[in-house]
Amino acid sequence: MNKIRGIDGLLGFIDACPTPFHVVDRVAAVLRSSGFTEMDEANDWPDAEGSRFVRRGGSLVAWRHQTCDAGFRIIGAHTDSPNLRITAQPDTGQAGYRQLGVEVYGGVLLNSWLDRDLGVAGRLATPAGTRLFRIDQPVLRVPQLAIHLDREIRKEGLLLNPQTHIVPVWGLGLRTPGEFASIAAEAAGVEADEVLAWDAMLHDLTPSTVAGIDGDFIHAPRIDNQVSCWAGLQALIDAPADSPPSAVLCLFDHEEVGSTSAQGAASTLLPTVLERIAGSRGALHPALARSLCVSADGAHATHPNYPDRHEPDHHIAMGDGPVIKRNANQRYATDAVGEAAFAAACEKAGVGHQLYVHRGDLPCGSTIGPFAASAIGVTTVDVGVAQLSMHSAREMCGAQDPLDFALALGAFLSVAT
Ligand code: CO
């Protein structure tokens, strides 16, 4: 059940994780079966060394700890992906259709959600705690307007209003207040009147797959950034339990909306967990000075149809190994020391690496890297797997690159400062 190795393991991981909460649940299951013990932030933690993890909402930190003498090697990634999220009072409708109200979460390519078979998943708050739920049937669809009713599309392109044009339909008839809550409750195995609130979102039902005439590609939802979560998890569980430095995996929610939340990369989660692992502030600070951090997130492969959108001397190819991302304005945290450390890890792992710089006349995206770096003051390098269609409901990357990325992250866990 917890098989995660190889491409099949990656495809199964993505399909098992329609939401950040499912990512954390799945990662926790894999960690438990690999000998990790869950800690509760509300309780004291044992001082002894060990392999442990802690969860905070859609975020998770896991570690293998012996001693602080060699510092930490930290792998960070994010559990969330841009999508459509169910509103607080979602039961709506128009023109004889029952519909669900949605909000846009993060930088969504809205067109990619049109005319797809969509399920819904998330977590419910109940008096007994939170409960995960998922509905993997095609219960929802955002129908695109017919071209005969959208004559402007030929010269203006597709224009979508996020309030009015992307409201999914899920049935015929009149709006039925309470319907979403009762259907989610049934999927979660609780009574409708136990549902107090929810964090719920839509997901595309097309299974992840190996693709291309030679099997060169992976087509899947949420490649940004579940590929990094998967690769980091594999690196951690393969890390030797008895040799320093301490290996840490941190998976954060809310990267796609700026990382500033109770459990995002800009929160207290990582600093407080590292302090508790170290045992005291006195032990933490020298350990941080001997530490390195890698921020693992999707990278832009050069698009064959839009080569002009890329920096001409930093082309990125699928199949050519992990991408190290540099940005002079610190949208990526990488500096020369971090770049050299990750390049050394790639060499140790026997995989190539590539260097990415964003075009100077386009605004650059960001990652958890600058947030983690500023929260803990540790040299950080932004790296990732080359992909196309970033922030589409269905993205693509190379079939070999995630495997190479897991090896490189594994080697990073023992690279020297
Ligand atoms: Co990302």
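Before moving on, here are some points about what is shown:
- Chain lengthening between K155 and A416 when straightened (0.36 nm per residue, less Cα-Cα): 88.4 nm
- Taking 15 Å as the cut-off, the amide N atoms of the stretch 45-86 that come nearer than this to a point 7 Å along the Cα-to-beta-carbon line of A241 belong to 48-53, 63-67.
- Where L251, L132 fall by accessible area, highest first, once all protein chains stay in place (1.4 Å): L132, L251
- Y306 - accessible surface, heavy atoms, 1.4 Å probe, Å² rounded to 10: 110 Å²
- Relative contact order [Cα under 8 Å, 6+ residues apart], the stretch 2-106, whole percent: 17 percent
- The residues neighbouring R394, those whose beta-carbon lies less than 10 Å from its own, together hold a net charge of 0 under the Lys/Arg +1, Asp/Glu -1 convention.
- For F252, net neighbour charge (Lys/Arg +1, Asp/Glu -1) across residues whose Cβ lies under 13 Å away: -3
- Rounded to the nearest 10 Å², the accessible area of S374 at probe 1.4 Å: 90 Å²
- For R309, R73, the ranking by accessible surface with the largest value first comes to R309, R73, using a 1.4 Å probe.
- Inter-label distance, nm, simple model (7 Å from Cα along the C-beta direction), R5/L362: 3.8 nm
- Fully extended contour minus Cα-Cα distance, from K348 to A328, at 0.36 nm per residue: 4.5 nm
- Share of carbon and sulfur in the accessible heavy-atom surface of the chain [1.4 Å probe, %]: 51 percent
- Counted by Cβ distance under 12 Å from G173, the other residues give a net charge of 0, where Lys and Arg count +1 and Asp and Glu count -1.
- Here R116 sits with roughly 60 square angstrom of accessible surface, probe radius 1.4 Å.
- In this structure, the amide hydrogen of V351, modeled 1.01 Å from its nitrogen in the peptide plane, lies closer than 5 angstrom to no residue at least 5 positions away or on a different chain.
The values are calculated or read from the model by the stated rules, or taken from the named source; none is laboratory data. Everything numeric in this text was worked out from a predicted model, so none of it was measured. Note that we place each Cβ from the backbone using ideal geometry, even for glycine, and neighbour counts take in every protein chain shown. Heavy atoms of the whole protein, side chains included, go into the accessibility calculation; ligands, DNA and RNA do not. Shrake-Rupley method; radii C 1.70, N 1.55, O 1.52, S 1.80 Å.
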